[in-house]
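Down below is the structure, laid out as structure tokens.
The values are calculated or read from the model by the stated rules, or taken from the named source; none is laboratory data. Here the structure is a predicted model, which means the values were calculated and not measured. Cβ placement follows ideal geometry from the backbone for every residue including glycine, while neighbour counts extend to all protein chains displayed. These area figures cover heavy atoms from the full protein model, side chains too; ligands, DNA and RNA do not enter into them. Shrake-Rupley method; radii C 1.70, N 1.55, O 1.52, S 1.80 Å.
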Amino acid sequence: MQSSIYLLVTQTGTTISKIIKLFTRKPYNHASLSSDLFLSEMYSFCRTYKRFPIPATFNVEVVGKGVLGMFNYIPCEIYEIPVTFEQKKKFELLIEHFKTNRKKYSYNYLGLGSILLKIKYKNKNKFLCSQFTAYILQQIGIELKKPVSLCTPEDLRHMPNCHLLYKGDLIQYYYELNKQLKFKGAWFFASDIS
């Protein structure tokens, strides 16, 4: 049985993301995963509080809240990754594990330097956003071209099994898609009554 998970790469306007972009010279410097096309929840390693980069750990991201609520325009790309029913179930179990054990994990600050210097460095229970994304994908059986510790959002964008669904503003995508869903839901509900 076929299912999908979704990879989201973004470039927010935070000072930290601007500094990272200065070094990477890549269009996107943050990676998240979602279990649904509507991006009702996205999962990543990022700042806990929108105004402060520290502390950072595993977080559930929601468009319009936290950092994703600070900016009117957030450039992004959304990719569909086909998975089997078993892979999707494993994905959901792994996400639940991270939600339940969130306090055991933290941001891999040293990983920023090791990726830039191309040095394999894995710090137990510490992840960058792209390392977390790569780790989850690897754990559910998706083959990666690089070790998890060296994966960047740019690497994730170019995985052979990723299919680009959308490129543009995250805010517009989210609200337009959800507006369509509500409209269709109201139409279906009205048609059920008559």
Meets criteria (touching a residue at least 60 places away in the same chain (Cβ under 8 Å) and within 20 Å of Gln131 (Cβ to Cβ)) for Lys21: no
Lys179 among the charged types (D, E, K, R) and at pLDDT 95 or above: no
Criterion: among the β-branched types (Val, Ile, Thr) and closer than 17 Å to Ala134 by Cβ - qualifying residue of Ile54, Ile74, Ile81: Ile81
Some residue of the stretch 17-29 being touching a Lys or Arg at 6+ places or on another chain (Cβ under 8 Å) and β-branched (Val, Ile, Thr): no
In the stretch 10-36, the residues that are in a loop (DSSP other than H, G, I, E, B), within 22 Å of Ile95 (Cα to Cα) and open to solvent by less than 30 Å² (accessible area, probe 1.4 Å): Asn29
In the stretch 37-85, residue farthest from Ile136 (Cα to Cα) [restricted to those that are touching an Asp or Glu at 6+ places or on another chain (Cβ under 6 Å) and open to solvent by 40 Å² or more (accessible area, probe 1.4 Å)]: Tyr73
Of the criteria (1) touching a His at 6+ places or on another chain (Cβ under 6 Å); (2) more than 17 Å from Lys167 (Cα to Cα), which one Thr48 fails: (1)
Output for the stretch 88-108, where each listed residue is open to solvent by 40 Å² or more (accessible area, probe 1.4 Å), under 18 Å from the mean Cα position of the chain (by Cα) and not charged (D, E, K, R): Leu93, His97
Residues within the stretch 153-164 that are surrounded by 15 or more Cβ atoms within 10 Å (Cβ to Cβ) and at pLDDT 95 or above, tallied: 5
Number of the condition not met by Thr48 [criteria: (1) of a type in the set (Val, Ile, Thr); (2) modelled with pLDDT of 85 or more; (3) more than 16 Å from Ile171 (Cα to Cα)]: (2)
